[in-house]
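To start, the structure under review is shown below, and the notes come after it.
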Amino acid sequence: MDYLINKFRSAFLFFKSKKETLAPQSGSNTVAYSLKDDTVQKLLFAFVGPAVLGLLVNALYNFVDRIFVGQFVGAEGLSAVTLVFPVTLFQFGFILLLGSGSGILIAKYSGEERMDKAEDALGNVIAALLIIIILFTTAGLFFYKPLLVAFGAQGTLLNLSAEYLVIIIMGFPLSFFLAFEFTCRAEGNPSFPAKLILLSSIINVSLDYVFMKILNMGITGAALATLIAQSTNAILLIRYYVSGRSLVKIVWKKIKLKKQTILPILSVGFAPFLMDVATSFQNVFANVLLLETGGTDGVAAMGIIFGFNIFFMMTALGTGDGMQPIISYNFGAKLYERVTKTFEYALKMVLLVALIGLIMLELFPTSIISVFIDENENITKITKIAIQIFAISIPFYMVQIVMTRYFQALQRNKIATFLAILRPALFVPIAYVLNNMYGLIGIWVAFVVSDSIAANITLLFVKKYSTNELKPIKSINSDKQ
């Protein structure tokens, strides 16, 4: 581990200018927002906006790739990117595990004025990221083709998806450091990740155009654009911490795994990690059913749904992630009324977005499809029906995600973990049964049925553990030291 730490330190030390090597003055690190004193509405807009934008841009790489691949490679290229999507979700699950888990604890420790504990959390996250990068990059480069075969890829579809995935895997050594977006927001600085996100999104779209339209690089160009954009974002996040500009400092001797620090991080981050991984397996299962029932066109239709659904999914996840530092800080400071208000406003925000999205998707499905692919009557026909059914599930799953993140912010980890796997766990048997009964339409209906059941079950937990009756919640407001 010491060898890895030294390599990490030397690899990025060149980012520090001579001026930055001097210790900053105590007054130089100011936090733009007071998690304790600013109004809940102001904090939510300040934190949720960058959080949603951050997640959207992470997904935007895939979304933009779908558009360019659909237009310049065709239906098989779009199906290839769709098959790879569960792998990128799986990677993002580990980013969530460490980033979200450490971010919540850093916010909580800041509320309790225990900055030494916050530094411990940051050091442990870096150590864990270095280990995961080595394991995932090595395993990915050796086993990416067998993995795609297990997903159902063969022939041209296998070649295209392998061509795309291997380049994405090469970017793992940097893209995993996108976990720093969460720690940066947790210390009260949501604007810096937002600026990087805008920069990387511009890079991604520009390079997609250059590589695919001008240089005619096909699906390889889409993957390279994603790799370069993500790497730029990650490098600048790393520079923010090694330069000493962050509120929570990197203490080099703390970059090691300590059981008493890493276990709480993993415990808190496990719910969103499990939700992301379970969703990844749900997508693999859905793709297998779609290949059997609808062939490549069925998977392409799912790819289009994933394309627009990214905006709703990431809005829900970003709202949950944005509210978490506010809830965790005020929970640590015992300001329980602010906890309740934050949660209620967050729910109203996602419901508004969900209803607007539902109306747009029901009214304009053909226009949305044309963004991704033109002049394919069969895919258009399949996707139009799919969109109008799937859209009904959006309000249910968006609310369910925010409610799950609420329990995570309060460190009710067992409840959060159960709720995180609820939607995928319900979807698999329901989709299997409905697919056998109704064919392709049964798969789309399964999303609505499973998400509506999951949302109602989650609502029952919220009512049982309401912060208006804080007795059951207060009991977990202590760190086992």
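The values are calculated or read from the model by the stated rules, or taken from the named source; none is laboratory data. A quick note: this is a predicted structure, and the numbers were derived from the prediction, not measured. So basically every Cβ, Gly included, is an ideal-geometry build from the backbone, and we count neighbours across all protein chains shown.
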Q. Which one of these does Asp479 not meet: (1) at pLDDT below 95; (2) surrounded by fewer than 19 Cβ atoms within 10 Å (Cβ to Cβ); (3) part of a helix (DSSP H, G or I)?
A. (3)
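Name every residue in region 275-312 that is more than 18 Å from Thr417 (Cα to Cα) and within 16 Å of the chain's Cα centre (by Cα), in order of residue number.
Taking region 275-312 and keeping what is more than 18 Å from Thr417 (Cα to Cα), we get 283-312.
The answer is Asn283, Phe306, Gly307, Phe308, Asn309, Ile310, Phe311, Phe312.
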Q.
Any residue that is out of contact with any strand residue (DSSP E or B) (no Cβ under 8 Å at 6 or more places or on another chain) and outside any helix (DSSP H, G or I) - is there at least one of those in region 382-393?
A. no
Q: Could you tell me whether any residue of region 237-244 is in a helix (DSSP H, G or I), among the aromatic types (Phe, Trp, Tyr) and closer than 23 Å to Gln71 by Cα?
A: no
**Q.** Hits in region 197-211 - residues which are modelled with pLDDT of 85 or more and among the small types (Gly, Ala, Ser)
**A.** Ser200, Ser206
**Q.** From the options Ala271, Ala194, Ala234, Ala186, residue that is modelled with pLDDT of 90 or more, under 21 Å from the mean Cα position of the chain (by Cα) and within 20 Å of Ile95 (Cα to Cα)
**A.** Ala234
Q) How many residues, within region 418-449, are polar (S, T, N, Q) and within 16 Å of the chain's Cα centre (by Cα)? A) 0
Q | Evaluation of Leu361 against (1) without any contact (Cβ under 8 Å) to a residue 24 or more places away in the chain; (2) within 26 Å of Leu426 (Cβ to Cβ) (one fails), failing number | A | (1)
Q.
Taking the criterion of being under 19 Å from the mean Cα position of the chain (by Cα) and within 30 Å of Ser110 (Cβ to Cβ), would at least one residue in region 340-348 satisfy it?
A. yes
Q. Looking at (1) surrounded by fewer than 19 Cβ atoms within 10 Å (Cβ to Cβ); (2) within 23 Å of Ala301 (Cβ to Cβ), which is the only condition Phe418 fails?
A. (2)
